[in-house]
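To keep things clear, I will list the structure first and then write my remarks on it.
The values are calculated or read from the model by the stated rules, or taken from the named source; none is laboratory data. Everything quoted here is computed from the prediction, not taken from an experiment. Cβ coordinates were reconstructed from backbone atoms using ideal geometry, including for glycine residues, and neighbour counts include every protein chain displayed. All accessible areas refer to the heavy atoms of the entire protein, side chains included, with ligands and DNA or RNA removed. Shrake-Rupley method; radii C 1.70, N 1.55, O 1.52, S 1.80 Å.
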Amino acid sequence: MEQRHLGRTGLRVSRIGLGTLTWGRDTGEEAAAEQVKTFWEAGGTLVDTADVYGGGEAEYLLGRLVGGLVPRRDLVIATKAGSVPDPDRRFDGSRGHLLDALDASLDRLGTDYVDLWQVHAFDPATPLEETLQALDLAVSSGRARYAGVSNYCGWQLAKAATWQLAAPGVRTRLASTQMEYSLLQRGVEREVLPAALDLGIGLLPSSPLGRGVLTGKYRDGVPADSRGASDSMAAFVDPYLDEAAGRIVDAVATAARGLAVTPLEVALAWVRDRPGVVAPIVGARTSAQLAAALSVEALSLPEEICRALDDVSAPVHRYPDQDWSTL
């Protein structure tokens, strides 16, 4: 699998990442092991997790597999901290919480360091410089090799990255930002992606298949064995089952027929090769599903297909997002 630099850093990662959102909840150890093996054998390196996935079980499962099944040196392990199970405070970006969470993640993962550590979300109740200091401490102590953020809007990302760049050699440069990005969710193109491109930050798209909808599995209803039919994930999928999304899914299916590939491959290839994207994070229930996603490595979409998909899924850009020339 092709490797790409993560932002303006020396870290190289596979251009498709393995997601672990369902590990420890819907995906058990045997299925997780099969996914890791399939991913590794395909040349994949970037494995993405978080301290809250499966209530910590996702990290624990990954830790059990690393070393025995796959050499630690062959993986780029990325995890996140900052989300908390508190209805009154969903995110805690305080230095104390973040560093404690990192230590707990390392313990569950059974490793001395993570390759990439990301703040899971912006915490408006904590001064940003305090949150960023936790990243600096994590890297300077060797517990994390690189640092990034997740779910930061445009101004938050720009402020954080600029703060870090203001003291080169002292503060840790942001390597990445992880955001939802797909043909069904192109909101990052308004301000987040332009900021990331300008500041040399690599984008790691989550839900690159539109929460599974872009595979076409929901075109004729909600399959009984799908995430859309599960109690835990139905609300996650439902926003992308409207008429507007249906038109985009139909266009993806048409492109797939013309290229003799699957809608999954078309949707994933589109987001993988967007400017600024480093590695879409793909989650799967089975190793067979993962193998189907990894088959996209051999596919590059023709320019006319990309333009057609761009047009049918184009987000509305109005003042003051990017371009004043249309006023």
For the stretch 55-149, share of DSSP beta bridges that run antiparallel, in % to the nearest 5: 10 percent
Please state the relative contact order of the stretch 190-252 as a whole percent: Cα pairs under 8 Å, 6+ residues apart? 29 percent
With every protein chain kept in place and ligands, DNA and RNA left out, what is the accessible area per residue of the stretch 24-124? Probe 1.4 Å, answer in Å². 42 Å²
Rounded, prolate or oblate: which fits the stretch 126-180, taking a ≥ b ≥ c as square roots of the Cα gyration tensor eigenvalues, rounded meaning a/c under 1.5, else prolate when a/b beats b/c? prolate
Can you tell me the alpha carbon radius of gyration of the stretch 1-78 divided by the globular rule-of-thumb value 2.2 N^0.38 Å? 1.06
Low-density loop GluC sites (Glu not before Pro), the stretch 1-53, at most 12 other Cβ within 10 Å, DSSP non-H/G/I/E/B, are Glu2
If we count every other residue with Cβ under 9 angstrom of Gly228's Cβ, Lys/Arg +1 and Asp/Glu -1, where does the sum land? +2
Cα principal axis extents for the chain, largest first, Å: 55, 52, 40
Roughly what percent of Cα-Cα pairs across the stretch 182-223 reach past 15 Å? 52 percent
Under a Cβ-Cβ cut-off of 13 Å, what is the net charge of the residues other than Ala134 that fall near it, where Lys and Arg count +1 and Asp and Glu count -1? -3
Arg73: net charge of surrounding residues, Cβ under 14 Å, Lys/Arg +1, Asp/Glu -1, itself excluded? 0
Which value, in Å² rounded to 10, gives the accessible area of Thr162 with a 1.4 Å probe and all protein chains present? 80 Å²
In this structure, the FRET efficiency calculated for Glu130 and Ala235 from their beta-carbon separation, with R0 = 35 Å, to the nearest 0.05, is 0.60
Give the Cα extents of the stretch 194-251 along the principal axes, in whole Å, largest first. 44, 27, 15
When the stretch 165-313 is reduced to its Cα atoms, the Kirkwood hydrodynamic radius in Å: 16.3 Å
Cα-based Rg of the stretch 254-327 normalised by 2.2 N^0.38 Å, two decimals: 1.34
Thr215, Thr49, reordered so the largest accessible area comes first (probe 1.4 Å): Thr215, Thr49
Cα-based shape type of the stretch 72-184, given that a ≥ b ≥ c are square roots of the gyration tensor eigenvalues and the cut on a/c is 1.5: rounded
Take the alpha carbon atoms of the stretch 239-297, find their radius of gyration, then divide it by 2.2 N^0.38 Å using N residues; give the quotient. 1.19
Restricting to Cα pairs under 8 Å and 6 or more apart, the percent relative contact order of the stretch 135-176 works out to 47 percent
Quickly estimate the mean residue ellipticity at 222 nm for the chain, helices only: each DSSP H run with n ≥ 4 gives -39500 (n - 2.57), and the total goes over all residues, rounded to 500. -11000 deg cm²/dmol
